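A.B. asks: Mind looking over this structure? Questions follow.
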Amino acid sequence: AQSVTQLDSQVPVFEEAPVELRCNYSSSVSVYLFWYVQYPNQGLQLLLKYLSGSTLVESINGFEAEFNKSQTSFHLRKPSVHISDTAEYFCAVSTSGTYKYIFGTGTRLKVLA
Amino acid sequence: DAGITQSPRYKITETGRQVTLMCHQTWSHSYMFWYRQDLGHGLRLIYYSAAADITDKGEVPDGYVVSRSKTENFPLTLESATRSQTSVYFCASSESTRDTQYFGPGTRLTVL
């Protein structure tokens, strides 16, 4: 069975500092991996996704994530965060042939001035 | 308006009442999903649908009923609401499992 683990429930970081949000998954088959962001009182929005090909994927607002098959990880990174990055971030996994995502429990990123 | 909408945005009801949450999407996406979001649990899948008239249970289906007579609508009914169903409910749609899921703004449901 698939599962997703987000090891940190909350991550405080100062503005302009780097951040890494960790995500590990378990699956016996090939996976598709996603990071979603949720701003307060809103639904989730896709940040970036890995389907195949290059293991490093980037978003338009400076986030990146690297698919590491041997470590079954898909950690999200940003070299310099802004106050506006304060939000909750969810990692999700899906596999070919199923209709479903499995979401992690989320990591609340709080950027401090 | 194009997109995915949910109604109502906020609902307060009493234990034992029937409640229906509406979800409408304008993209003609094949797949639609209902999730509940609770602190410490993230998002948990309640039901999903691969097409009109095709629905299946997710992780936490007990106490919920869905239908999908039209591609664009996917209502979720709580047949007899319980306090444990107090939550934020999100509807989502996508074209396939490889594709982005597009989420509605959510319905905050309180069961007293």
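The values are calculated or read from the model by the stated rules, or taken from the named source; none is laboratory data. Just so you know, these numbers come straight off a predicted model, no measurement behind them. So basically every Cβ, Gly included, is an ideal-geometry build from the backbone, and we count neighbours across all protein chains shown. All accessible areas refer to the heavy atoms of the entire protein, side chains included, with ligands and DNA or RNA removed. Shrake-Rupley method; radii C 1.70, N 1.55, O 1.52, S 1.80 Å.
A.B. asks: Accessible area lost on pairing B with A, both sides, 1.4 Å probe, Å² to nearest 100? Before the final figure, lay out the partial values.
C.D. replies: Values: alone 6310 and 6500 Å², together 10980 Å².
The summed interface area works out to 1800 Å².
A.B. asks: Return one whole number: the accessible area per residue of chain B in Å², for a 1.4 Å probe. Spell out each step's value before the answer.
C.D. replies: On the way: 5380 Å² over 112 residues.
Accessible area per residue, chain B: 48 Å².
A.B. asks: Give me the net charge for the shell around B:Thr107: Cβ to Cβ below 9 angstrom, other residues only, Lys and Arg +1, Asp and Glu -1.
C.D. replies: Details: positive: B:Arg9, B:Lys11, B:Arg108; negative: none.
After counting each charged neighbour, the total is +3.
A.B. asks: Here's something else I'd like to know. Starting from the alpha-carbon convex hull of segment A:1-102, give the projected area averaged over all orientations, in nm². Each step should come with its number before you reach the end.
C.D. replies: Values: hull surface 27.2 nm².
Mean shadow area of the hull around the Cα atoms is 6.8 nm².
A.B. asks: Can you pull the Rg over Rh of segment B:37-78, Cα-only, Kirkwood? Please list the in-between numbers first.
C.D. replies: Values: Rg = 11.1 Å, Rh = 11.0 Å.
Rounded to two decimals, Rg/Rh equals 1.01.
A.B. asks: Give the Kirkwood hydrodynamic radius (Å, one decimal) of the protein assembly as shown, defined as one over the mean of 1/r across all pairs of different Cα atoms. Write down the numbers at each step before the final one.
C.D. replies: On the way: mean 1/r = 0.0553 Å⁻¹.
Kirkwood radius, the protein assembly as shown: 18.1 Å.
A.B. asks: Still on this model: List, largest first, the extents of the alpha carbons of segment B:70-112 along their principal axes, each in whole Å.
C.D. replies: 38, 20, 15
A.B. asks: Could you work out the relative contact order of chain B, using alpha carbon pairs under 8 angstrom and six or more residues apart, expressed as a whole percent?
C.D. replies: Working: 289 pairs, mean separation 39.3, N = 112.
Value for chain B: 35 percent.
A.B. asks: Taking the alpha-carbon set of segment B:1-48, what are its Rg and Dmax in Å?
C.D. replies: When restricted to the Cα atoms of segment B:1-48, Rg and Dmax are 13.0, 35 Å.
A.B. asks: What is the percent carbon and sulfur in the accessible area of segment A:16-113, measuring with a 1.4 Å probe over the protein chains and ignoring ligands?
C.D. replies: Working: 2270 of 4580 Å².
Here it works out to 50 percent.
A.B. asks: Tell me which chymotrypsin sites (Phe, Trp or Tyr not before Pro) from segment B:2-92 have a DSSP coil assignment and no more than 16 other beta carbons within 10 Å of their own. It would help to have the intermediate numbers written out before the result.
C.D. replies: Details: sites: B:Tyr10, B:Trp27, B:Tyr31, B:Phe33, B:Trp34, B:Tyr35, B:Tyr47, B:Tyr48, B:Tyr64, B:Tyr89, B:Phe90; in loops: B:Trp27.
Those satisfying the criteria are B:Trp27.
A.B. asks: Oh, and also: I need the semi-axes of the equivalent ellipsoid of segment B:1-104: take the C-alpha gyration tensor, multiply each eigenvalue by 5, square-root it, list largest first in whole angstrom.
C.D. replies: Details: eigenvalues 94, 40, 35 Å².
Rounded to whole Å, the semi-axes are 22, 14, 13.
A.B. asks: Can you list which of the trypsin sites (Lys or Arg not before Pro) found in segment B:1-97 are DSSP loop residues with at most 14 other C-beta atoms within 10 Å? It would help to have the intermediate numbers written out before the result.
C.D. replies: On the way: sites: B:Arg9, B:Lys11, B:Arg17, B:Arg36, B:Arg44, B:Lys57, B:Arg68, B:Lys70, B:Arg83; in loops: B:Arg9, B:Arg17, B:Arg68, B:Lys70.
Sparse-neighbourhood loop trypsin sites (Lys or Arg not before Pro): B:Arg9, B:Arg17, B:Lys70.
A.B. asks: Using a probe radius of 1.4 Å on heavy atoms only, what accessible surface per residue do you get for chain A? Whole Å² is fine.
C.D. replies: Values: 5600 Å² over 113 residues.
Normalised by residue count, the accessible surface of chain A is 50 Å².
A.B. asks: Let me ask you something else. Charges on Cβ only, +1 for Lys and Arg, -1 for Asp and Glu, centred on the Cα centroid of chain A; of A:Tyr32, A:Leu56, A:Thr95, which one is farthest towards the dipole's positive end?
C.D. replies: The residue sitting farthest along the positive end of the dipole is A:Thr95.
A.B. asks: Set the bar at 24 Å for Cα to Cα. Now go through A:Lys78/A:Lys110; A:Lys69/A:Lys100; A:Lys49/B:Lys11; A:Lys49/A:Lys100 and name every pair that lies beyond it.
C.D. replies: Long pairs (Cα-Cα over 24 Å): A:Lys49/B:Lys11.
A.B. asks: If you find the alpha carbon centre of segment B:89-112 and of segment A:1-79, how far apart are they in angstrom?
C.D. replies: Spelled out, the Cα-based centre of one part sits 19 Å from the other.
A.B. asks: Here's another thing I want to ask about it. For a quick check of your reading of the filter: which GluC sites (Glu not before Pro) in segment B:1-76 sit in a DSSP loop and have no more than 13 other Cβ atoms within 10 Å?
C.D. replies: Numbers: sites: B:Glu14, B:Glu59, B:Glu72; in loops: B:Glu14, B:Glu59, B:Glu72.
Those that pass, being in a loop and sparsely packed, are B:Glu14.
A.B. asks: Turning to a different aspect of this structure: Given a 1.4 Å probe, show me the residues in segment A:91-105 buried by at least 40 Å² of accessible surface when comparing the whole protein assembly to the chain alone.
C.D. replies: Residues meeting the cut-off: A:Tyr99, A:Lys100, A:Tyr101, A:Phe103, A:Thr105.
A.B. asks: How long are the semi-axes of the equivalent ellipsoid of segment A:52-100, taking √(5λ) for every eigenvalue λ of the Cα gyration tensor, in whole Å from largest down? Don't skip to the end; give the middle numbers.
C.D. replies: Numbers: eigenvalues 107, 41, 20 Å².
Largest first, segment A:52-100 gives 23, 14, 10 Å.
A.B. asks: Name the residues of segment B:68-112 whose accessible area, probed at 1.4 Å, falls by at least 30 Å² once all protein chains are in place instead of their chain on its own?
C.D. replies: B:Phe90, B:Thr97, B:Arg98, B:Thr100, B:Gln101, B:Phe103
A.B. asks: Over chain A, what is the relative contact order in percent, taking alpha-carbon pairs closer than 8 angstrom and at least six residues apart?
C.D. replies: 38 percent
A.B. asks: Counting only protein heavy atoms, what percent of the accessible surface of chain B is carbon or sulfur at a 1.4 Å probe?
C.D. replies: The C+S portion of the solvent-accessible surface of chain B is 47 percent.
A.B. asks: How large is the dipole of the protein assembly as shown about the Cα centre if only Lys and Arg carry +1 and Asp and Glu carry -1, each at its Cβ, rounded to the nearest 20 debye? Provide the component values of the computation, followed by the final result.
C.D. replies: Working: 19 positive and 20 negative charges, 79 e Å.
With Lys and Arg at +1 and Asp and Glu at -1, about 380 debye.
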